[in-house]
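A.B. asks: Mind looking over this structure? Questions follow.
The values are calculated or read from the model by the stated rules, or taken from the named source; none is laboratory data. Keep in mind it's a predicted model, so treat the numbers as computed, not measured. Note that each Cβ is placed from the backbone with ideal geometry, even for glycine, and that neighbours are counted across all protein chains shown. These accessible areas exclude ligands, DNA and RNA; they are computed on the full protein's heavy atoms, side chains included. Shrake-Rupley method; radii C 1.70, N 1.55, O 1.52, S 1.80 Å.
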Amino acid sequence: MSLEAVLSRISEIRSQIDTLQSGGTRASSSSAAAAAAASSSAFDATMAATGSAATGSGVTTGAAAGTASAAPATSVDAGKGTVATGSGKTGDDVVADAKKYLGVPYVFGGTTTAGMDCSGLVQTVFKDLGVTMPRVVPDQAKMGVAVPSLAQAQPGDLIIPKGEGHVVIYVGDGKVLHAPRPGKDVRIVDNWYKDSDIATIRRIVPSAQEAAATKAASAVGVGGSGTDLQTAALMSLMQSGSAA
């Protein structure tokens, strides 16, 4: 997506918010939430488009082009093509909760502290956060929205390699947390996957950055300088994502 197209989209969002403000009356709280949701949705779509263009990634994301722009879900359950915002949790919460299970032994089919496998760990972590996730990797690989490449991955995203035989949780700084295989325990290691190894990267709940931007936009969305702050937040996040 070109810079002109990005700026045009942001201008459309500002126009929508200006419409809510017309007539000299303050928009209702529900209108503000709708405007914030529109901003968040536009950001998700723009990040997916600019990220793909900037990195030229070889990651296979399936229906990413059609699903990345879907409006965030209000449900606490994970969904296909949506980010589950209903729990109020972020990717940072995913990482923090997953760290509680460091040292738990690998047990095929396990989902408890007595032992867990890779997808059992993922399901348990999201259950702790109030987010319902499927049990097995191929189904988990369909949840949330696709992240274009490792360059755009944020803490809490799930990385699923080709073949969908494993799943790891990205913790940031090039590291992942996972339950490796029999004889090993849950641990944090350097990410060994390259974009060419990956089937999909999934964002199940908002990243901390996205949540902060949406919160700021919602707080000032109907104020006098709200549109300028929303634009600044969107541009800042898009620039940081493209530079990653």
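A.B. asks: Starting from segment 96-116, take each residue that is under 13 Å from P182 (Cα atoms) and of a type in the set (A, V, I, L, M, F, W, C) and list its partners that are part of a strand (DSSP E or B) and modelled with pLDDT of 95 or more, counting only C-beta distances under 7 angstrom and pairs at least six apart or across chains.
C.D. replies: What qualifies is V104/G115; V104/M116; V104/D185; V107/G115; V107/M116.
A.B. asks: Which residues, counting only those in segment 162-212, are at positive phi and without any contact (Cβ under 8 Å) to a residue 40 or more places away in the chain?
C.D. replies: Once the filter is applied, which keeps residues that are at positive phi and without any contact (Cβ under 8 Å) to a residue 40 or more places away in the chain, segment 162-212 yields G163, E164, D173, G174.
A.B. asks: Can you run down the residue pairs with Cβ atoms below 6 Å, 6 or more apart or on separate chains, where the first is in segment 126-144 and under 17 Å from P206 (Cβ atoms) and small (G, A, S) and the partner is open to solvent by 10 Å² or more (accessible area, probe 1.4 Å) and not in a loop (DSSP other than H, G, I, E, B)?
C.D. replies: Between residues of segment 126-144 that are under 17 Å from P206 (Cβ atoms) and small (G, A, S) and residues that are open to solvent by 10 Å² or more (accessible area, probe 1.4 Å) and not in a loop (DSSP other than H, G, I, E, B), the close pairs are G144/R202; G144/R203.
A.B. asks: Could you tell me which residue of segment 197-220 is nearest to the chain's Cα centre (by Cα), considering only residues that are assigned to a strand (DSSP E or B) and among the hydrophobic types (A, V, I, L, M, F, W, C)?
C.D. replies: Here the answer is I201.
A.B. asks: A follow-up question, please. Starting from residues that are of a type outside the set (A, V, I, L, M) and part of a loop (DSSP other than H, G, I, E, B), keep the ones in segment 98-131 and report whichever is nearest to H166 (Cα to Cα).
C.D. replies: Taking the candidates together, the pick is D117.
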